[in-house]
Structures are given as structure tokens and as C-alpha cells.
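Undergrad: There's a structure below that I have some questions on.
The values are calculated or read from the model by the stated rules, or taken from the named source; none is laboratory data. Note that the structure is a prediction, hence the values are computed from the model and not measured. Cβ atoms come from the backbone with ideal geometry, glycine included; neighbour counts cover every protein chain shown. In case anyone asks, the SASA skips ligands and DNA or RNA and just uses the protein heavy atoms, side chains included. Shrake-Rupley method; radii C 1.70, N 1.55, O 1.52, S 1.80 Å.
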Amino acid sequence: MTAKQAQALAAGQEQAFAFLADPLTHGLAEPVKRIDTHAAAVFLAGPNVYKVKRAVRFPFMDQTTLEKRRTACETEVLVNRAFAPDLYLGTVAVTRAGPSLRLGGRGEAVEWAVHMRRFDENRTLDLVAERGEITPALIAKIADLILASHQTAKVGDGARATVALGEVVAETLAELIEAPDAFPAAPAAELAAAMRSAFAAVRPLLLSRGAAGRVRRCHGDLHLRNIALIGDEPILFDAIEFDESIATTDVLYDLAFALMDLCERRHGGEANLLLTRYLWRCEDMGSELAGLAALPLFLSLRAAVHAKIDAIRSRDIDHTAAARDEALRYFDIAGECLRPVAPLLVAVGGLSGTGKTTLAARIAPSIGRAPGAVRLCSDIERKRRFGVAYTERLPAAAYRKEVSDAVYASLRGQAETAIRTGHGAIVDAVHSTAEERALVAAVAAQANVRFVGLWLDAPLELMVERVRARRNDISDATDRVVTSQANRPIGDIDWHRLDASMPIDALTDAALAACRPERQRPPRGESQSAAPH
């Protein structure tokens, strides 16, 4: 389609857009709010939303005829009712009766719109993130929501999805390279080479995951603007409707958009929690851990697609420096996600109440490649094995030695799977015996990966105080458990010993200093990170 044809099509829609932007159309006294994207014009009118497809054609989308736009509207409603049935009310025509336009009616349809129930547009997750209002509880809800959408989604053809993903890679890279005004040529060529290589490397894994049912008809566009808070509950909306081959994809590729978007907005801790919570709740955690080998490609491609779309929006809709900068920011992230980062296995040990899980969560985003190390927690694994909620207390029988041995063995197996994909991992468990500490260190040695052991020390009274203060916690430890642990011999500890009574920010800094490679550490005596042995 030529630029002249595109302009003519756009001009043809302007009358409908002006009609929908008029408060009188909706019987309102207050203004109608209009939001423009590269593919749609959205009109927020009182309690209603009307979304009109733009008459545009891209390599991945064709909306140049009225019939195609009508079909796209109907398909959008059908697809999104699976995610947000209360939001999507149907489709409505803009009709002409003589010289006048009407919303609905029996006249000739000149345009079609998706009709939605309006929600607070300031409560989409991108804006919630900007205000610093994302909480761990909210991230847990989002992880559970995304996982549930994957578990109930229709299984797709894995081989076909792998081919389709390769086409997305090729198409996206071509568009980035062919836009030198938006993206610098040399970095675009470097990104293209790295992404093609990454896709070729993980293609057998993608085919294997597809054969195992990990390709589903997903949401397909899970960036933060497409997750909204209605009340206190997150809702997914605006799923991909224009191309089944784009939406039918690996579940980790679907999740990767939200992960990448959180990282881009400097919410690395939340991104790490989202991935960790998703993995914890998976029925087959081992398979998803193995799938992490494809995560750098998935994150990079999601960022590259975002950059491409932002460049289109900057060129056609929002001709501002801010829009161009956003496209470049996502372009840079696409390259960063493919840069190699050496995997690292970290074990955090210490008696109950020393704060192992808190510290693991604090350091995880900084360990290994984005969005940080997978956290593997003995309390979580034990609850998983018994099929109970994380905050449900287990009976004493669940802590028999043979059960604990099996839990620790599972953690080591999960850690090995993660680090062999190139991802970082943190094993959070008491590790009260020399044997347990040696076995987890051996996992790293066998995989030829660097290992760091962190041992947390704290006074008994502080550990007891912390345990007594817990409410709805994943740990079942009581003050009696802490006292019992403290009375058992733990043997020589050759891990980095940290004073867990220090403020959490200082403890985090000390732990991260211990995790840095030797050549990056200050000379012994200058670091204040470790307590005396």
C-alpha cells in the first residue's frame, strides 16, 4: 500500500472518529477521551469504550477494508471474552442515515467498533508500575492468572508454532534493519546476527516443548498495558486476535512479554518474582526450568517487537522525541537480553529465622541473566510435594529425615536443570549438615558453573523473635524448631558467613559482594560483608 493510499484510507475514517469523539453522540456533557495506537483509535465515553480498527496494513496485519475491520472486531470480542468476559460487550456499527451518522441503527455500516465496558484507565499495570504501586501480592496474583490462562488454553501445533516464531524473528529483524532512521544500522545488524543464532540454537528445544504440549493458544500480547486492575484483581485484556499463528506459541514466550516489560521499567525484583512464582506453581516445574534455555531469545524478541511497534507509532501517530526514545530503549533491551552472562549457583543456608528467603529474593534479580536467578526454596518444594497451599501448615511427619532428603534432592535437581540452561539459580534451605552443603556445591562443580555458598548467622533470640512474628508465612518453623536447630552441631562451614542481624540493605550488599567473581572483589580486609569465621 502506497503512502497516498494509506492517507486516503485514514482520511476516510476521520468522519467516524470525529463522530465517536463527540460527547453528543453518547449523550454526555463531559468530553470523550481518545487514545490512539498504531492499529486502533479508542474512545472512552462515560461508562463505555469504543475501539475502532485503523485502516492500516503492516506485514503482520491487514485492516484496509471495512469487512476486514468488522471481522477483526468480532474476532477480538470472541478471543477476549476468554480473558475478560465482563469487559467485552460486543461489536457495534457506525451507520449512515442520510447525511448523519448513528451509533448502531439500520443504516449503511461505514465503520465497526468493539464495544467494551470502561474501567479506570489509570489502573493498567504500566501506570501502576510508574506510581510504584506494584506489590508482591499483586505479582503473585498476576503469575497465577497467567499460569491459569495457559493451563486452560487450547494446545497448539508445536512444529507449526516454531516455524511461525521463526517468521516473526525474520520479519521483525527485517523491519528493524530497514528503519535506519529509527534504529542505528550497526547495532541492528549485530542484533539480527545474535537473534538468528539464538533461534537456531533453541529450535530443537522449541520443537520438543511443542510436542510436549507447551505451545498453547495464548494471550499473545502480555505487556503491562494489557493487564488492568479492576478492584483489587488483575485482568488480562486486548489479546491478539488478528493472527492465530502469533498467539499460538510457547507459554514461556507469552510470559516473556510481561517479564521484559517489568525489567524495562526497572522493576527487576517484580519480574524475578513473577517468573519464580510462575515456576513454583507449574505442574511440571522441571520442564519449565529446562525451557529457560529459550528465555533470552523470548525476552529479546519481545523487546524487538515492542521497539518495532513503537517506531511505527512514532512515525504515524506520536511524532515526539519521547516516542522515538521509547522505541530505542526497547531496541537496546533486545540486544542486552542476548548478551552472554555466566550462570551462577548460589546456596543460602542458615537456621530458621535468619532471613534466608528474604535475602534470596533481594539478591535474585542481580544473579545471572534477566530477570535474575530462579529461586528454589525448600519450604515451597515441601508444600508442592504434599499438594497444599504455601501458607498451610504441614504435619510433623512432613519433616521426617527421609522427606527432607527427598526435598533437598529435588532442589539440587532443579538447580542443575536451571544452571545447565545458562540461567542462575539460588537454593534457599537450612543446609544444616556438612553433607548437604557439599552436595549442593557438587551440583555446580559437575555443571562447571561457579558456586557461592552464603551462611547466615544470627543470635538465637533474634531468630526466635522473627519466627514468632510470622503470619501467613511459607515456613512452618516455630520457636521450638529454632531452638532445636541451634542445639545441633552444624560442623565446619566454609561458606561466606554473613551477619543476618544487620539491616537488610546492608546484608543484601554483603551477599552480592560475596557473589561477585574474585577479580571483582575488594582486597581482603576492605570488605565489610562477612562476619568472622
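Undergrad: Grab the strands (runs of 3 or more DSSP E) fully contained in region 56-136, keeping just those with 1 or more residues being touching a Lys or Arg at 6+ places or on another chain (Cβ under 6 Å) and over 20 Å from Gly220 (Cα atoms). Please lay out each step first, then the result.
TA: On the way: elements: 88-97, 100-103, 108-117.
In region 56-136, 88-97, 108-117 are the strands (runs of 3 or more DSSP E) which contain 1 or more residues that are touching a Lys or Arg at 6+ places or on another chain (Cβ under 6 Å) and over 20 Å from Gly220 (Cα atoms).
Undergrad: So, Leu275, is that one in a helix (DSSP H, G or I), closer than 29 Å to Pro187 by Cα and within 15 Å of the chain's Cα centre (by Cα) or not? Before the answer, list the steps.
TA: Working: in a helix (DSSP H, G or I): yes; closer than 29 Å to Pro187 by Cα: yes; within 15 Å of the chain's Cα centre (by Cα): yes.
Here the answer is yes, as Leu275 does meet what is asked.
Undergrad: Now, a different point. From the list Asp221, Asp318, Asp238, exactly one residue is acidic (Asp, Glu), at pLDDT below 95, assigned to a loop (DSSP other than H, G, I, E, B) and within 15 Å of the chain's Cα centre (by Cα). Which is it?
TA: Within the list Asp221, Asp318, Asp238, the selection yields Asp221.
Undergrad: A further question follows. With respect to Thr417, determine if the residue is crowded, with 21+ Cβ neighbours inside 10 Å and among the hydroxyl-bearing types (Ser, Thr, Tyr).
TA: On the way: crowded, with 21+ Cβ neighbours inside 10 Å: yes; among the hydroxyl-bearing types (Ser, Thr, Tyr): yes.
When the stated conditions are applied, Thr417 passes them.
Undergrad: Still on this structure, please answer the following. So, in region 420-433, how many residues would count as being open to solvent by 10 Å² or more (accessible area, probe 1.4 Å) and small (Gly, Ala, Ser)?
TA: 2
Undergrad: From Leu207, Leu176, Leu147, Leu229, grab the single residue that is more than 17 Å from Leu299 (Cβ to Cβ) and in contact with a Phe, Trp or Tyr (Cβ under 6 Å, 6 or more places away or on another chain).
TA: After ruling out the rest, the residue left standing is Leu147.
Undergrad: Suppose the filter is of a type in the set (Gly, Ala, Ser), in contact (Cβ under 8 Å) with a residue 12 or more places away in the chain, open to solvent by 60 Å² or more (accessible area, probe 1.4 Å) and more than 23 Å from Leu274 (Cα to Cα); does Ala211 pass it?
TA: yes
Undergrad: Same structure again: Whether any residue in region 361-373 is free of Cβ contacts under 8 Å to residues at least 60 places away in the same chain and either loosely packed, with under 14 Cβ neighbours inside 10 Å or out of contact with any strand residue (DSSP E or B) (no Cβ under 8 Å at 6 or more places or on another chain) (or both) is what I want to check.
TA: no
Undergrad: State yes or no: is Ile146 crowded, with 16+ Cβ neighbours inside 10 Å, out of contact with any strand residue (DSSP E or B) (no Cβ under 8 Å at 6 or more places or on another chain) and assigned to a helix (DSSP H, G or I)?
TA: no
Undergrad: Also: Determine whether Thr152 is among the polar types (S, T, N, Q) and either buried (at least 16 other Cβ atoms within 10 Å of the Cβ) or touching a helix residue (DSSP H, G or I) at 6+ places or on another chain (Cβ under 8 Å) (or both).
TA: So Thr152 fails the test.
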